[in-house]
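The values are calculated or read from the model by the stated rules, or taken from the named source; none is laboratory data. Everything numeric here is computed off the predicted structure, so don't read it as measured data. For neighbour counting, all protein chains shown are included, and Cβ atoms are generated from backbone atoms with ideal geometry for every residue, glycine included.
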Amino acid sequence: MNDRKGTGINGLMALACVGIALVAFTSGYYAGAVLSAGQTVTIVDDYGRQIKLTGVPDRIVSIAPTPTEILFAIGAGDQVIGVDDYSDYPNEANNLTKVGNALELNVEAIVGLQPDLVVTGDLVPKALEQVEKRGIPYMVLAARTLSDVIKDIRLMGVLTGHAEDANTLADSLEVRIQAVTNLTLAPTVVRPKVYIEYYEYYTFGPGSFGDDMLRAAGGVNVAGNTSSEYPVVGPEFVVAADPDIMVYTIGPMTTVDPSDFGKRPGWENITAVVDDAIYSIDDDLVSRYGPRVVDGLEQLAAILHPELFS
Amino acid sequence: MTAWSSWQRSCIRNYSAEERNMSDDKVRRVSGSEDAERLGNARKKRALYIMALLALLVTVSFISILTGTIGPIGPGKPEKISFGDAFDALLGHGGSDSDYLVAIFWEIRIPRVILGGLIGASLACAGAAMQAVFRNPMADPFIIGVSSGAALGAASAGLIGFTVVVGDFTAPMFAFFTALVTVFVVYRMGLVRGKMYVETLLLSGVAVAAFLGALVSFLIYFAREDYHELIPWLLGALTDAQWSYVAIIAIPAIVGSFIIFLYGRELNALLLGEETAHNLGANPESLKKLMLGVAALMTAGAVAFAGIIGFVGLIVPHMMRLLFGADHRMLVPASTLFGASFLIFADSLARTVVPGEELPVGIITALCGGPFFLYLLRRSRTGGGSA
Amino acid sequence: MKLEVRNLSFSFGETKVLKDITFEVCEGESIGLMGPNGSGKTTLLRCLTRYLPAEAKALLVDMKPLHTMTDRELARTFAVVPQSTATDFPFTAYDVVMMGRIPHMSGRMGGESRKDEEMVRSAFERTGSWHLAARHFSELSGGERQRVIIARALAQEPKALLLDEPTVYLDISGQFEMMDLIRRLNKEEGITIIAVLHDINMAARYSDRIALLSEGRLEAIGPPEEVLTQETIQSVYGINVAVRRDPFSHAVYVMPSVRRAVASRHGTRVHILCGGGTGGPVMKVLAEQGYAVSAGVVNILDSDYENANDLRVPVVAEVPFSQISQESHAENMRMIDECAAVIVSPFPVGPGNFRNLEAAKEALARGMRVLAIRPTNSPEIDFVGGKANALIKELISHGAIEVKNADEIIHHLSPVRV
């Protein structure tokens, strides 16, 4: 009788293990799950869309710089077969087939590559519907905050079968972010007023990624209470706001240099101009929501709080 | 019920039947002082209306100066100031912590209002002149290629590396230059054996504009992200207004509108046809060339600094014609003054409609101008009793 | 003022439009410029207004060469009234006439002077259009618009008025109104008139002299009777006209004249005395049967005139509302003489065309076959107090054959066939 009981309990436990394993295998959620070939998984992207995938995608086309950078950063660069014109980081991405860009997608090129997944950033061109009709799924990455970026990195890790690398990367990024915000968001820290622009009078408004970065870097965005995510303000607005620091991004659209700011009508007496506290930052670091944003955060924090970061 | 404008109606009294019969007889010269007096009143009426438009301009300007993202008239972002503070800043009272208010008023708003007025005046006055030269109420100051020429200049300036940046005059000068070159090319195309044929000129303008527009689009595409620079310019914006711009624009604007006003009589004759104008001694050839040149200069200046602000040049002269008739001695000054008021008003809206932000004023002129004009048109059709 | 045109020639590129034209216009004259399309009339006017650049020595006003005048001086010499003036712009008639003062207004800054206002008012009154002053120009009728344009021309205080086919777009009452106004201005105020007119009869009526152009050359210039002869009109316009005197105005009057008879299959000539549309069916039937038909005398407003033209039947025509003239009657008899038979259709007889019946009587007297159509149940045709009915009865009793309709005529005529 004892043997039979023992066998029964062992059996139950074995069953339970198999059951849990099965559940774990077949669960649709990325948290802790691992994909392998032959499985059908449903993932949820940042727009809440459900995408069915059969197995690990190894013919990925990225039509925005953000997913490109993430994919390469997590070690999935070999699985990327096509990128858009703007994806120029890392260097290897430049050698891949170009498929247009989010504003002018070359649908034929994409279809011709016969990808099993297309990844895009926050811009979702209508042309993607055509791609979808041909049976090619697409997913959207749309990070609005730093934590969203971490989430995206982990998601892509699971998707591409590089969960471990991705998690390692994500973890290290989180550590770095924490290191910054521990200092910048401390209650005793005096937060300077910051005006940031990526083109003349084009700034980041509430709800935008740049706004979140400024907050994390320990600054007060003077455009933080305007009405849109990417407002266009005027000279008067900035004079009235009187920022302590001005930051402009250097990117393809940039035409200014620090001395130009003082020449804008009425700007001579703005604190930032008087103190000559006008800094620049690489546009990529604040507009590509991949691992490099943390570099951007660190740079911003150093600009805003030199006293905290040597 | 005639569709005569009221100021004219008051000038001519109705004649009784027997008086009309008398006119079939021999020649009779007018010696009565009554009619002369009434017609003299016409001139006074004209002056009165001009004064009224001037008063409107001053009022609109004053209100506009007080309007903006920080108020006192406005959404109050990032902060709201009171009328008291505003007046203090305007008059130069107030302590040193309102220095920034003084800067806002005296270095941003006031030059902007004045610039807007000068540009609105230039565009409307040039528009009236163009409508007379082309004998077409649908003409606007951009019809001869000024806007596409300037756009090409601005686009190339951006591409070559000149900056469309505050304080740097390179791009505006470039745009001004290319605008004038374009006009000259179109003008030469419109000349046949030394005579200017307006139909040919019009078509050449359209063709050249299309061609240059395609070039600009090509440049934009080629420049990829740089096209963002051009969008506010293409839509027309007064964002970079400053005193130096005002000083430069003032001359072509004021002198140009004055010259056009001086030729009001001849422009009237031109509307009746070139041969008629010639037979009346108005010399249409030199008149057309002069008007075209002056209008082109005024428009090119406006476009070089503020981008392509549409509808002002087309709609303001129309509106004035509906209100005051087609006589250019009234139409030109009326258009000039109302054009200024209109643009200043549109710019006030551009600065306050979206709290904290500034829209390109060209959007507002299009949105405002169209419906308002339609309303005026309807009123003149149904209420004025034409035909 | 005296206008001298000396050896004026003008070419558009290779094409010579005016060839060596010389004439003079004296003060107070009224000259009609005429010619077929393309003869250069409008070009000549445009040379006078300097809208087209003519040679320097060719044009002089009061001994002063035209090309030395300023634009304003020229506008004070000649004022133009064109064919039509349409505008989309809301000018009032007053505005339009005031524009005529442009060549007089000096100083850019000044507005209208008292003199300008007086002249405009006077111009309106002299053209009887002051009541139109407040109205929109584009809302006026064609005739009213032309009057206002003449007023504008007068406001220019010109030495001569140049009119380019001013009546083209007017109805007939408007035409006469306008020409009367122009004549009044010419005779009562002494304004010299140079008018391009397309209507020969109107030109004859209203001009002191007529200048006839043909293919750029001045064919003739002189009083209407001298210029408007059958030969000249035939050579310039290529049409055959009969020249008469207008019974009302005594001016020279031209009408398209008789055509040669059209040869037919059997060549039998028949003449129909008709009118009031009664001849039409007869002409048709006879023409179909191969007869060579002629008709007369009908006035040119009569439908039988149209019928005759339609069927290419030569017809003797007469001026409307007047008696058959001696010439027409003679013409009628000449045609009858060529014929084998004369047919009298049941036309309404009034004092004006009674002579047609007399022609029938004469034909009968000369021994010709006369057939009179008297349908049963026909309406009254006698409007001369019984004389017509009496004459017809007389014709029948003297040998004219009475038939009921056109078909009976064929029956009766067949033995006549040659």
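For the reader, a short list of remarks on this structure follows.
- Scan of the range A:213-223 for residues that are more than 9 Å from chain B (Cβ to nearest Cβ) and either surrounded by 23 or more Cβ atoms within 10 Å (Cβ to Cβ) or in a loop (DSSP other than H, G, I, E, B) (or both), ordered by number: A:Met213, A:Leu214, A:Ala217, A:Gly218, A:Gly219, A:Asn221
- Qualifying residue in the range A:190-207 (condition: outside any loop (DSSP other than H, G, I, E, B), of a type in the set (Gly, Ala, Ser) and either closer than 29 Å to A:Gly121 by Cα or not assigned by TED's automatic domain parsing to the domain that holds A:Ser62 (or both)): no
- Matching residues, the range A:264-281, being part of a loop (DSSP other than H, G, I, E, B) and more than 14 Å from every other protein chain (Cβ to nearest Cβ): A:Asp275, A:Asp276, A:Ala277
- Verdict on A:Ser227 being within 14 Å of chain B (Cβ to nearest Cβ) and not in a loop (DSSP other than H, G, I, E, B): no
- Scan of the range A:280-295 for residues that are in contact (Cβ under 8 Å) with a residue 60 or more places away in the chain and closer than 16 Å to A:Thr203 by Cβ, ordered by number: A:Asp283, A:Val286, A:Ser287
- Yes/no for C:Val168 being touching an Asp or Glu at 6+ places or on another chain (Cβ under 7 Å) and touching a residue at least 60 places away in the same chain (Cβ under 8 Å): no
- The residues of the range C:127-154 that are over 14 Å from C:Glu177 (Cβ atoms) and in contact (Cβ under 8 Å) with a residue 60 or more places away in the chain, listed by number, are C:Arg152, C:Ala153, C:Leu154.
- Pairs, first under 9 Å from A:Pro235 (Cβ atoms) in the range B:97-109, second assigned to a helix (DSSP H, G or I), C-beta under 8 Å, six or more apart: B:Ile104/A:Glu236; B:Ile104/A:Val239; B:Ile104/A:Ala240; B:Ile104/B:Ala89; B:Glu107/B:Trp243; B:Ile108/A:Pro235; B:Ile108/A:Glu236; B:Ile108/A:Val239
- Selection status of C:Arg217, within 20 Å of C:Gly142 (Cα to Cα), of a type outside the set (S, T, N, Q) and touching a strand residue (DSSP E or B) at 6+ places or on another chain (Cβ under 9 Å): no
- Boolean, B:Leu290 is buried (at least 21 other Cβ atoms within 10 Å of the Cβ), in the same structural domain as B:Gly194 (by TED's automatic domain parsing) and under 30 Å from C:His104 (Cα atoms): no
This table checks each residue for (1) within 20 Å of the chain's Cα centre (by Cα); (2) surrounded by 17 or more Cβ atoms within 10 Å (Cβ to Cβ); (3) under 21 Å from A:Ala170 (Cβ atoms); (4) modelled with pLDDT of 90 or more.
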site: A:Asp46; (1), (2), (3), (4): yes, yes, yes, no
site: A:Leu53; (1), (2), (3), (4): no, yes, yes, no
site: A:Val56; (1), (2), (3), (4): no, yes, yes, no
site: A:Arg59; (1), (2), (3), (4): no, no, no, yes
site: A:Ile63; (1), (2), (3), (4): yes, yes, no, yes
site: A:Thr68; (1), (2), (3), (4): yes, yes, yes, yes
site: A:Pro90; (1), (2), (3), (4): yes, no, yes, yes
site: A:Asn106; (1), (2), (3), (4): no, yes, no, no
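- None of C:Glu24, C:Glu14 is surrounded by fewer than 15 Cβ atoms within 10 Å (Cβ to Cβ), closer than 21 Å to C:Ala79 by Cβ and either without any contact (Cβ under 8 Å) to a residue 24 or more places away in the chain or not assigned by TED's automatic domain parsing to the domain that holds C:Arg76 (or both) except C:Glu24.
- Subset of the range C:154-187 [of a type in the set (Asp, Glu), surrounded by fewer than 16 Cβ atoms within 10 Å (Cβ to Cβ) and at pLDDT 90 or above]: C:Asp180
- Residue selected from the range C:97-116 under the condition within 26 Å of C:Asp180 (Cα to Cα) and assigned to a loop (DSSP other than H, G, I, E, B), by the criterion farthest from the other protein chains (Cβ to nearest Cβ): C:Arg101
- The residue list B:Leu290, B:Leu331, B:Leu270 contains one member that is within 14 Å of chain C (Cβ to nearest Cβ), under 23 Å from B:Met173 (Cα atoms) and either in a helix (DSSP H, G or I) or not acidic (Asp, Glu) (or both), which is B:Leu290.
- Exclusive hit being basic (Lys, Arg) and within 9 Å of another protein chain (Cβ to nearest Cβ), set C:Arg184, C:Arg121: C:Arg121
- Taken as a whole, the range A:283-306 holds no residue that is part of a helix (DSSP H, G or I) and more than 28 Å from the chain's Cα centre (by Cα).
- Of the criteria (1) of a type outside the set (A, V, I, L, M, F, W, C); (2) crowded, with 19+ Cβ neighbours inside 10 Å; (3) under 28 Å from C:Thr376 (Cβ atoms), which one C:Glu318 fails: (3)
Results for (1) touching a residue at least 60 places away in the same chain (Cβ under 8 Å); (2) of a type in the set (A, V, I, L, M), shown as yes or no for each residue.
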{"residue": "C:Ser325", "(1), (2)": "yes, no"}
{"residue": "C:Ile343", "(1), (2)": "yes, yes"}
{"residue": "C:Gly350", "(1), (2)": "no, no"}
{"residue": "C:Val370", "(1), (2)": "no, yes"}
{"residue": "C:Phe383", "(1), (2)": "no, no"}
{"residue": "C:Gly386", "(1), (2)": "no, no"}
{"residue": "C:Ser414", "(1), (2)": "no, no"}
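- Counting only helices (runs of 4 or more DSSP H) wholly contained in the range A:67-180, the ones carrying 2 or more residues that are in contact with an Asp or Glu (Cβ under 8 Å, 6 or more places away or on another chain) occupy A:146-160.
- Residue list for the range A:94-127, restricted to those being under 15 Å from A:Asp45 (Cα atoms) and among the hydrophobic types (A, V, I, L, M, F, W, C): A:Leu117, A:Val118, A:Val119, A:Leu123, A:Val124
- Note on the range C:117-167: residues that are among the β-branched types (Val, Ile, Thr) and part of a helix (DSSP H, G or I) total 4.
- Residue in the range B:64-71 that is in contact with a Phe, Trp or Tyr (Cβ under 8 Å, 6 or more places away or on another chain) and surrounded by fewer than 22 Cβ atoms within 10 Å (Cβ to Cβ) present: yes
- Candidates C:Thr68, C:Thr77, C:Thr43: the one that is more than 9 Å from chain B (Cβ to nearest Cβ), touching a Lys or Arg at 6+ places or on another chain (Cβ under 6 Å) and of a type in the set (Ser, Thr, Tyr) is C:Thr77.
- The residue list C:Glu338, C:Glu402, C:Glu362 contains one member that is within 20 Å of C:Ala287 (Cβ to Cβ), more than 31 Å from the chain's Cα centre (by Cα) and in the same structural domain as C:Lys284 (by TED's automatic domain parsing), which is C:Glu338.
- Yes/no for B:Thr182 being part of a helix (DSSP H, G or I) and crowded, with 20+ Cβ neighbours inside 10 Å: yes
- Any hit, the range A:232-250, residues being within 24 Å of the chain's Cα centre (by Cα), more than 7 Å from chain B (Cβ to nearest Cβ), surrounded by fewer than 21 Cβ atoms within 10 Å (Cβ to Cβ) and outside any strand (DSSP E or B): no
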